[in-house]
1. Between a residue in segment B:175-192 that is touching a residue at least 24 places away in the same chain (Cβ under 8 Å) and under 15 Å from B:Asn209 (Cα atoms) and any residue that is surrounded by 22 or more Cβ atoms within 10 Å (Cβ to Cβ) and β-branched (Val, Ile, Thr), which pairs come within a Cβ distance under 6 Å, given they are 6 or more apart or on different chains?
2. Residues that are under 19 Å from B:Ile160 (Cα atoms) and in contact with a helix residue (DSSP H, G or I) (Cβ under 9 Å, 6 or more places away or on another chain): find the helices (runs of 4 or more DSSP H) completely inside segment B:211-288 holding 3 or more of those.
3. Only one of these is out of contact with any Phe, Trp or Tyr (no Cβ under 6 Å at 6 or more places or on another chain), on the phi > 0 side of the Ramachandran plot and of a type in the set (S, T, N, Q): B:Gln225, B:Gln256. Name it.
4. Within segment A:85-114, can you find the residues that are more than 10 Å from every other protein chain (Cβ to nearest Cβ) and touching a Lys or Arg at 6+ places or on another chain (Cβ under 8 Å)?
5. Take the conditions surrounded by fewer than 18 Cβ atoms within 10 Å (Cβ to Cβ) and in contact with a Ser or Thr (Cβ under 7 Å, 6 or more places away or on another chain) and apply them to B:Met239. Does it pass?
6. Checking the structure you have, find out if any residue of segment A:33-51 is assigned by TED's automatic domain parsing to the domain that holds A:Gly247, within 19 Å of the chain's Cα centre (by Cα) and of a type outside the set (Ser, Thr, Tyr).
7. Which one is farthest from the other protein chains (Cβ to nearest Cβ) among residues in segment B:173-201 that are under 16 Å from B:Val124 (Cα atoms) and of a type in the set (S, T, N, Q)?
8. Tell me, yes or no, whether segment A:186-197 has at least one residue that is within 20 Å of the chain's Cα centre (by Cα), over 23 Å from A:Lys146 (Cα atoms), surrounded by fewer than 24 Cβ atoms within 10 Å (Cβ to Cβ) and assigned by TED's automatic domain parsing to the domain that holds A:Ser69.
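The values are calculated or read from the model by the stated rules, or taken from the named source; none is laboratory data. Please read all numbers here as calculations on a predicted model, not as lab measurements. All Cβ positions, glycine included, derive from the backbone under ideal geometry; neighbour counts span all protein chains shown.
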Amino acid sequence: MADRNVQGAGIKIKNLYKIFGQRPDAYVEAVKKGMSKTELNEKHGHVLGLRDINIDMPAGCIQVVMGLSGSGKSTLIRHINRLIDPTAGEVIIDNADVCKMNQNDLRQFRRHKTAMVFQKFALLPHRTVLDNTVYGLEIQGLSREKQEEQARRWIARVGLKGFEDHYPNQLSGGMQQRVGLARALTNDAPILLMDEAFSALDPLIRMDMQSVLLDLQKEIKKTVVFITHDLDEALRLGDRIAILRDGEVVQQGTGQDIVLKPADEYISSFVKEVNRGRVIMVDTIATHSGAPAATGGVTVKSGTILEEAAKTMTDANQQYATVVDDSGKPTGVISMNSLIQAMVTPISHLTSRAAAE
Amino acid sequence: MDWFYSFPNMNDDTLRNLKKTLDEGFKAFTRQYGDVIESFFEPLQYFLIQAERFMTATPWPIMILLIGGIAWIASRNWKIVAGTVITLLLIGYFDMWSDAMKTIAMIFVGTVVSIVVGIPIGIVMARSDSFQRLVNPILDVMQTMPSFVYLIPVVMLLGIGKVPGLIAVVIYAIPPMIRLTNLGIRLVDKDVLEAADAFGSSSWQRLKNVQIPLALPTIMAGINQTIMMALAMVVIASMIGVQGLGQPVLRSVNGQFFSLGLFNGLAIVGIAIIFDRVSQAYGKRLQKHQEVVHG
């Protein structure tokens with residue numbers, strides 16, 4: 001824990017294909033040449049799970065993979081620890097290709113490099129919270145003393161102190177998922193895989209768990225791969241977001257990239273419901289001209305989201321504010337007008353569609 | 001049209017020859033390997049004799065304390081313990097104590113053998129579909145074949161006595177053990193198994209930490225069924241010399257002694273109820289984590 005630096009390992013997914021069916025290898029070339037998902041399914045009875053996935057997940061970041069059900073997001077995350085074998089492609093972690101590991105190496109890799117949190121919690125019902133939490137370390141063969149020491153710390157850290165001897169079905173869904181999280185964190189692996197980890201929780205608890213995760217991440221700096229079908233969740237958590245549709249990546253980038261420049265209509269239809277004030281940063285709308293004198297000394301930091309900036313400015317009763325970088329040097333000016341405009345203006349895709357209709 | 005009304009069966013001579021060949025073949029096999037097979041089952045015989053000696057030689061008050069104690073440890077329920085003790089006292093009062101002890105020894109050994117053999121077979125079956133396809137029909141035969149029929153080759157091989165009786169009991173009682181172990185493991189929640197894999201469990205760790213514990217309620221139901229079936233077999237096994245409560249029942253069938261048959265029959269029922277309640281209560285207690293549910 002003394003190490004405040006990035007702990008995670010980057011994940012590079014290269015040209016990953018997954019075809020489900022009896023003879024996936026027979027069709028992978030055809031799919032690479034552009035056979036459609038429908039054709040593969042109707043003519044050959046195989047299901048295209050993933051097509052040509054290329055995602056570069058930097059170490060220490062939260063990478064969100066977003067998509068609706070059937071988009072292949074759960075399939076994708078299971079390729080990272082190879083719970084599902086790919087049909088073609090590579091998953092490179094620490095210069096090793098997970099897809100080429102033998103059973104023994106794979107087991108070691110799963111034990112030491114990854115930990116996973118599941119949508120349905122997947123706790124062992126016959127074990128107490130403590131015994132569930134030590135699972136990863138128990139598998140690794142650590143002494144019981146060390147297992148418990150680690151486990152107790154993480155149980156306390158996720159806010160379950162005092163529940164160590166409870167059984168999972170004595171706990172609420174939110175608490176069970178905290179156990180799931182504690183179990184994964186106790187493993188102390190550089191990569192944390194979260195498969196729709198908060199999707200089964202009700203909205204308030206989900207927000208709560210998101211805060212827990214963001215809070216923890218400041219401290220642990222692991223490479224987190226987070227799967228979700230909820231764009232708000234994706235935008236809140238993701239340093240980077242990849243959007244999946246029908247097994248293909250349709251767009252990837254930061255949350256702001258996706259909200260400001262949705263790649264196609266599919267994404268814009270998602271994005272239109274988003275609270276833009278919480279995603280877009282002041283830097284996007286800052287102008288370098290204008291009258292710094294008129295700001296009345298109100299400054300907002302670079303990287304602040306619009307909503308916060310608006311609050312700062314209304315509190316100070318000012319129409320303008322100066323955007324400053326970390327060292328306090330001014331980089332631009334924002335006006336209340338441009339701020340409100342950015343918060344309400346529909347995105348380009350919608351405008352063009354609205355115009356067409 | 002003769003063939004239409006009387007089935008065109010195999011000609012009598014051929015049939016007779018076929019049966020004769022089979023019989024002689026098996027007899028030859030018996031003569032050749034009988035001793036080997038008998039010595040193979042010797043440890044079983046030793047186990048059985050020791051168990052029976054222990055049950056019958058221990059003074060009855062100690063035996064009642066012991067069985068009552070086991071019932072308490074397993075069930076933690078005073079009603080079950082009281083029922084157990086009263087049943088045993090009644091059995092003793094009606095002069096069936098030593099027969100009952102012999103029967104309990106037989107059931108105990110039969111159940112232990114069924115568990116030791118059945119659970120591993122069930123586990124292998126759960127892991128391999130082709131093994132399941134192989135074993136299932138064998139289990140079907142074991143369960144539906146009238147028990148008198150497989151008593152014949154067992155007696156031919158091993159003669160009359162305890163061990164053939166035990167084998168007959170095990171053949172009859174083991175199928176539910178195997179089937180329910182297989183079923184229990186196959187029904188284990190896939191999500192939990194996936195989690196075990198994701199943390200890097202070896203297949204032994206998977207089995208030990210996830211599959212067996214989660215299949216345990218079903219496996220316990222299998223053990224319970226096995227005990228009940230073993231008890232049902234006691235009377236039939238008495239035909240080939242197994243001592244215990246079955247013998248007087250057999251005698252009363254032959255001599256039409258109604259009350260003798262009734263008393264011994266009721267004693268078997270009493271023992272069955274004791275075993276059933278105690279093993280079920282134990283199974284339930286193992287699953288206590290499933291009862292306390294978050295409100």
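1. Correct list of pairs: B:Gly184/B:Ile219.
2. Passing ranges, in order: B:212-237, B:246-255.
3. The unique qualifying residue is B:Gln256.
4. If the condition is that a residue be more than 10 Å from every other protein chain (Cβ to nearest Cβ) and touching a Lys or Arg at 6+ places or on another chain (Cβ under 8 Å), then A:Pro86, A:Thr87, A:Ala88, A:Gly89, A:Glu90, A:Val91, A:Ile92, A:Ile93, A:Asp94, A:Val98, A:Cys99, A:Met101 are the ones that fit.
5. no
6. yes
7. In this case the residue turns out to be B:Asn182.
8. yes
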